Protein chains: 2
Amino acid sequence: MSIKGSIQGFSKLSKKEKIAWVVDQYLNGDTQASEVLSQHWNVDEKMQQTFDGFSENTLSNYHLPYGIAPNFLINNQWYAVPMVTEESSVVAAASSAAKYWSKRGGIQTKVLGVEKKGQVSFTWSGGHSTLKEHFPQIRTELLKGIQLIESNMQKRGGGVKDVVLLYLGEQLHDVYQLKATFDTCDSMGANFINTCLEQFASTLSNYAQANLADQGRLEVIMSILSNYTDNCVVEARVSCPIDELKVNNDRINHKNLANKFKKAVDIACHDSYRAVTHNKGIFNGIDAVVLATGNDFRAVEACGHAYASRTGKYRSLSECTIHEDQFTFTLTLPLAIGTVGGLTSLHPLAKMSLNILGKPNAKELMQIIAATGLAQNFAAVKSLVTTGIQQGHMKMHLQNIFNQLGADDEEKAYLNEHLDTSKVSHSAVRQLLDAYRTESSSNV
Amino acid sequence: MSIKGSIQGFSKLSKKEKIAWVVDQYLNGDTQASEVLSQHWNVDEKMQQTFDGFSENTLSNYHLPYGIAPNFLINNQWYAVPMVTEESSVVAAASSAAKYWSKRGGIQTKVLGVEKKGQVSFTWSGGHSTLKEHFPQIRTELLKGIQLIESNMQKRGGGVKDVVLLYLGEQLHDVYQLKATFDTCDSMGANFINTCLEQFASTLSNYAQANLADQGRLEVIMSILSNYTDNCVVEARVSCPIDELKVNNDRINHKNLANKFKKAVDIACHDSYRAVTHNKGIFNGIDAVVLATGNDFRAVEACGHAYASRTGKYRSLSECTIHEDQFTFTLTLPLAIGTVGGLTSLHPLAKMSLNILGKPNAKELMQIIAATGLAQNFAAVKSLVTTGIQQGHMKMHLQNIFNQLGADDEEKAYLNEHLDTSKVSHSAVRQLLDAYRTESSSNV
């Protein structure tokens, strides 16, 4: 018997039974809730089954807007970048910055490295020197042990690049690591890496049992890839003479814009409180493309922010220079993503995103994503040092409030005209709309 | 005239025109693509309009599985936690850890702080001492200037808590900041904070113009909230005697489990390469609830990972202790989220998530999210130090491969029985399935 609110065997229930249980136990039997959930199912039953299969205990699909930021000129090639984000202004900002820079030579990108990493952590009681002595032999065994697993990846040009032995130091008594580096070609590579590492762990244990049993005890703690791919890095850059920063109708002189922009980025390089928000803006762009292409944004976020803290202080991932009147803005960040495997071909819109981007390989996608992050960052900082962030943001947010209050086109036009946009709030909009509606109906 | 691949006025096009342009320019006129996009629209036109309004240049909705992790016992109350994630195993792992701990006293959580922050950065040429001297008067003006903006928030018990003046130091010549702290109650508070800050900036400029014009030049660089909310922090904890860690059918002794578990967490506390992956796992849980409740995962990620690096080295956000045979596992992290405003009531499934969670206030939601992150982390580390990560993961991933290859239930049963699960790959599954299908059809 279950206590109210808890359940045995939930995962074994059918989707309808799961929904019924949640509605009964947590939604006071509200039957409208099941309608809302089923309203978000895909009309194609087979496709819905695919979505359900991505995760567990699925009741429905959470919809996130799928949009397009056109006019990205990256290394002289045009792209329309698919973006998935729930945050207003993000796609508009990326589009606007992409267009701006497409008139100033576009965005230049390059991949600085594609190395993935993995670790087998283990304890060994027999001392560092014994292990070091045996390591050449162990290494040979390790590489031999994964030949079968590696063969497909090697055909594609990838595989295990190296395995080294690390001692984690005095603080972690007797803990050692095998640290391996991989090239996983166009796949993100998590499954390949983890399978290799688990095989390494098994080979290592066997070796110790066969050859080192009388010298110490070896126990594997865990085998898993590292998401900190600090040598899988991409750079995106825009640059132009300060004179060309000029924009029609801008309220700010181009020299002043360049200087304020640089100052804003410098502040994010020195002040962690600012840096977090600055980088958050970069990831608004990055994650939207990562999501749209079926990649894993938690991996990208964790790695990117750890990279931002690599000097011992959390800093901006982008930097700005002005040399001899040339303005340059550069973003450098690690990006471990894939264009094959995972959800990239399973999720219909992830697949479509890759098609829209011209079926890029992983290196190309890294560059597209970095370019989008740079554009996003440029738009945000430019807006911050000129009009401020609220003007554009509230304009977007207003449309959500209008929709929520069920305003029709005529009412929206009235509200847009009569609202004091400097002090917008949900209640202010509601008041104005209520007043307008009362007046309209009394005029009928 | 547009160059192929680029466009003027894309945002002004209707949704159908936008799709037509993308299909024409980037998908070789493939008309199936527009069908796939429209297949993901919501059947309710009004609701679809709402989704379209969240972002810009929207063509469709990106579906992410919306699932439930039941059996969370948090501070003696049961929860079924809605999670949105595209990654397999995440919901299963959270559910399993929640159930495990519900039998060992549940998860204990507490909020350690709810302070939000914002910054106005500016340059001032007249030296620190003049500014410091005037600051008491400036501060009074700043607070006076936002009275109207603040009044609603004050009624709810929040508002501006303090404003201080900071000099950013020698490296950033002449740069100062107003750093303000806020209590934004149950809203995430970005709009409120940014509106206050822009008003601060305007008051500050006016003050300088009126009273300091002969002593120096003051120019505002930017006004914006800080996502680094290192005093908006929540803690989640599980604890039990080591004896009770015992699980039926586990291949590992409970003492050994406790020790290996602690060692694994200790490694993540010392080694950044491991810490990034360890924390990534925590955010698998965190982000899934953040998304499901209409909050902003980029803000939560940026803040959480910067917090993980606050000692000068990137470390684990969770820690494990064993004292007198008592096992304790604790997660501490900053979480700036909201349960009112933003998308929380606009997105139908975000609203539903909050209903399922019993309409929590922001502090309660912080605790639920942290509990989910802890459960996720516990499940991942437990799996790593026992069976390894691949066994469970490949089982889940296999289902996706089956679905992609269009296997029916009978075929799935055959594959499950005959696959060598230690070496699963897409091609291995396809080969086995092809062979089975050939044989079946020749038997007809």
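Each value in this text was obtained by applying a stated rule to the coordinates, not by laboratory testing. All values reported here derive from a predicted model rather than from experimental measurement. When we count neighbours, we look across all protein chains shown, and the Cβ atoms used for this are built from the backbone with ideal geometry, even at glycine.
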*Amide H to amide H, which residues 5 or more places from B:ARG217 or on other chains are under 5 Å from it, using H placed in the peptide plane?*
B:SER125, B:GLY126
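At a Förster distance of 25 Å, what's the computed FRET efficiency of B:GLN209 paired with A:ASN256, Cβ-Cβ distance as r, to 0.05? Mind showing how you got there, number by number?
Details: r = 17 Å, r/R0 = 0.69.
That gives a FRET efficiency of 0.90.
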*Amide H of A:SER60: which non-local residues (sequence gap of 5 or more, or other chain) have their own amide H closer than 5 Å, using H built in the peptide plane?*
B:TYR66
_Please compute the modelled spin-label separation between A:VAL164 and B:ASP243, points set 7 Å along Cα→Cβ, answer in nm with one decimal._
4.7 nm
*Where does each of A:45-53, B:257-265 land if you order them by average Cβ count within 10 Å, highest first?*
B:257-265, A:45-53
*asked:* Counting only helical runs of four or more DSSP H residues, what would the 222 nm mean residue ellipticity of chain B come to if each run contributes -39,500 (n - 2.57) and the total is spread over all its residues?
replied: -16000 deg cm²/dmol
*Read phi for every residue in the range A:160-173 and hand back ³J(HN,Hα) as whole Hz from Karplus 6.51 cos²θ - 1.76 cosθ + 1.60, θ = phi - 60°, with x for Gly and Pro.*
7, 9, 6, 9, 10, 9, 10, 9, 7, x, 4, 5, 10, 3
*Rounded, prolate or oblate: which fits the range B:1-63 when a ≥ b ≥ c are the square roots of the eigenvalues of the alpha-carbon gyration tensor, with rounded for a/c under 1.5 and prolate only if a/b beats b/c?*
oblate
*Is there a simple number for the mean count of other chain Cβ atoms within 10 Å of the Cβ of residues in A:90-99, and what is it?*
3
*Beta bridges per DSSP with both ends in chain A, % antiparallel, nearest 5*: 95 percent
*How large is ³J(HN,Hα), in whole Hz, for each residue of the range B:290-299 in order, when computed from phi with the Karplus curve 6.51 cos²θ - 1.76 cosθ + 1.60 and θ = phi - 60°, using x for Gly and Pro?*
4, 4, 4, 9, x, 9, 9, 6, 5, 5
*Label A:THR140 and A:THR31 with points 7 Å out from Cα along Cα→Cβ: what is the distance between them in nm?*
7.5 nm
*Inter-label distance for B:GLN391 and A:LYS132, nm, one decimal - labels placed 7 Å from Cα along Cα-to-Cβ*: 3.6 nm
*From the phi of every residue in the range B:362-375, what ³J(HN,Hα) in whole Hz does the Karplus formula 6.51 cos²θ - 1.76 cosθ + 1.60 yield, where θ is phi - 60° and glycine or proline is x?*
4, 5, 5, 5, 3, 6, 5, 5, 5, 4, 5, x, 5, 4
_Rounding to the nearest 10 and keeping the result within 0 to 90°, find how far the Cα-based axis of helix B:45-54 lies from the longest principal axis of chain B._
60 degrees
*Under the definition of partner shielding as Cβ atoms of other protein chains within 10 Å of a residue Cβ, what is the mean value for peptide A:197-209?*
1
*asked:* Please check: in the Gaussian network model of chain B (C-alpha springs, under 10 Å), which one of B:VAL114, B:VAL340, B:VAL164 has the largest mean-square fluctuation.
replied: B:VAL164
_Loop-located trypsin sites (Lys or Arg not before Pro) in the range B:300-363 whose Cβ has at most 16 other Cβ within 10 Å (DSSP)_ = B:ARG310, B:LYS313
*To the nearest 0.05, what FRET efficiency results for B:ALA413 and A:GLU319 with a Förster distance of 51 Å applied to their C-beta separation?*
0.35
*Which number do you get for Rg(Cα) / (2.2 N^0.38 Å) in the protein assembly as shown?*
0.95
*If the label for B:ARG217 sits 7 angstrom from Cα along the Cα-to-Cβ line, what are its distances to the same label in every other copy, in nm to one decimal, shortest first?*
7.2
*Just B:ALA371, B:ALA306, B:ALA97 to compare: in a GNM of chain B, with alpha carbon springs under 10 Å, which one fluctuates most?*
B:ALA306
*Can you spot the aspartates and glutamates whose alpha carbon is less than 14 Å from B:LYS395's alpha carbon? Ignore those fewer than 8 places along the same chain.*
A:GLU56, B:GLU87, B:GLU417, B:ASP420
*To the nearest Å, what is the center-to-center distance of the range A:338-373 and the range A:64-131, using C-alpha atoms only?*
10 Å
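If you take each beta carbon of peptide A:9-19 and count the beta carbons of other chains within 10 angstrom, what is the mean?
2
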_Taking A:ALA428 in one copy and the same position in all the others, each labelled 7 Å out along Cα→Cβ, what are the pairwise distances from the first, in nm, shortest first?_
6.2
_Of A:SER383, A:SER226, A:SER55, the one that fluctuates the most in a GNM where chain A has Cα springs shorter than 10 Å_ = A:SER55
*Classify chain B: rounded, prolate or oblate, from the alpha-carbon gyration tensor (a ≥ b ≥ c, eigenvalue square roots; a/c under 1.5 rounded; otherwise prolate if a/b is larger than b/c)?*
oblate
*Considering amide H positions built from the backbone, and no H for Pro or chain starts, which residues 5 or more places from B:MET83, or on another chain, come under 5 Å of its amide H?*
B:GLY67, B:ILE68, B:ALA69
*Along Cα→Cβ at 7 Å, what distances in nm separate the A:ALA20 label point from those on the other copies, shortest first?*
4.8
